[in-house]
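A short write-up of the structure that comes next.
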Amino acid sequence: MSHWNYGEFTDAVRKLTDIDLSAYNERQMKRRIDAFLSRSKHQNYNGFYNALVENHELRDKFINFLTINVTEFFRNPPQWEKLKQEIIPKLLELPQPLRVWSSACSTGEEPYSMAMLLNQFMDLKSIRILATDIDEAALVKARKGVYDKKTVKNLSKEQIAKYFDEDEENYYIKDELKACVHFKKLNLLVDPFPVNYHLILCRNVMIYFTQEAKERLYRRFYSSLLQGGVLFIGNTEQIINPGQYGFVSQKSFFYTKR
């Protein structure tokens with residue numbers, strides 16, 4: 001049997017995992033996957049795919065690797081400050097209750113950060129955040145809410161005391177904060193999107209997609225927002241000509257639905 005090329009491998013992976021790698025930047029993703037193969041001691045795509053079918057632990061590790069779960073609380077603090085000072089007050093002028101969607105929430109730091117921020121404007125009992133991700137293993141960790149010192153480096157002592165229990169090694173999200181966030185599996189490329197949201201966070205994800213996939217997602221996010229709602233993207237991302245998708249650039253990384 002001849003060895004698969006990259007396209008044949010991505011077709012098979014899509015059927016196995018529902019992750020469409022053809023929507024990702026090919027050069028970037030192929031380089032990452034080839035490195036993963038090499039570390040896993042596999043010589044070709046065929047053999048690696050067979051291992052993914054047979055070994056659920058390897059498959060989970062591969063999906064986790066593909067979905068790039070690198071995060072921390074209040075990642076890129078200046079953006080969160082802008083959100084607090086300029087974006088949230090305007091969103092609170094729209095019809096309430098406030099609806100927030102963290103669309104690629106990884107292991108939960110982003111939606112929990114959002115809940116902490118909103119707690120400066122409202123009671124925790126009033127906060128409802130939808131947090132979704134394609135990676136089930138990441139969602140399991142997010143629901144547990146256990147984090148190490150590295151991920152809490154942007155938090156003040158007051159925030160840690162208010163929202164976490166801690167021991168010598170880990171920080172544990174308190175139940176009152178956990179109750180603000182509902183975690184759910186969702187594939188941005190194929191699953192239906194929720195609607196009528198004031199704020200959607202999709203940060204540090206778009207850079208991995210092809211231009212065609214980005215354009216499709218921008219239009220879908222537009223449809224998911226209320227009039228006047230805001231899309232919040234990552235610090236390495238920018239929407240070129242946002243008007244073609246119906247957005248107005250409000251501040252760097254924030255785009256309002258016209």
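The values are calculated or read from the model by the stated rules, or taken from the named source; none is laboratory data. Quick caveat, the model's predicted, so the values are computed rather than measured. Please note: Cβ atoms are built from the backbone with ideal geometry, for glycine as well, and neighbour counts cover all protein chains shown.
Miscellaneous remarks
- For the residues Y208, Y197, Y255, the requirement of being among the aromatic types (F, W, Y) and without any contact (Cβ under 8 Å) to a residue 40 or more places away in the chain singles out Y255.
- Tabulated pairs, region 236-249, first modelled with pLDDT under 95, second hydrophobic (A, V, I, L, M, F, W, C), C-beta under 6 angstrom, 6+ apart or interchain: T236/I207; E237/M206; E237/I207
- Which listed residue, of L58, L130, is buried (at least 19 other Cβ atoms within 10 Å of the Cβ) and under 26 Å from K185 (Cβ atoms): L130
- Against the conditions (1) surrounded by 17 or more Cβ atoms within 10 Å (Cβ to Cβ); (2) assigned to a loop (DSSP other than H, G, I, E, B); (3) among the hydrophobic types (A, V, I, L, M, F, W, C), M116 satisfies every one except (2).
- For region 1-46, taking the residues that are out of contact with any helix residue (DSSP H, G or I) (no Cβ under 9 Å at 6 or more places or on another chain) and part of a helix (DSSP H, G or I), the one that is nearest to I207 (Cα to Cα) is identified as R27.
- Flag for S223 being loosely packed, with under 13 Cβ neighbours inside 10 Å and within 17 Å of W101 (Cα to Cα): yes
- Some residue of region 126-142 being in contact with a Gly (Cβ under 9 Å, 6 or more places away or on another chain), closer than 20 Å to I87 by Cβ and outside any helix (DSSP H, G or I): yes
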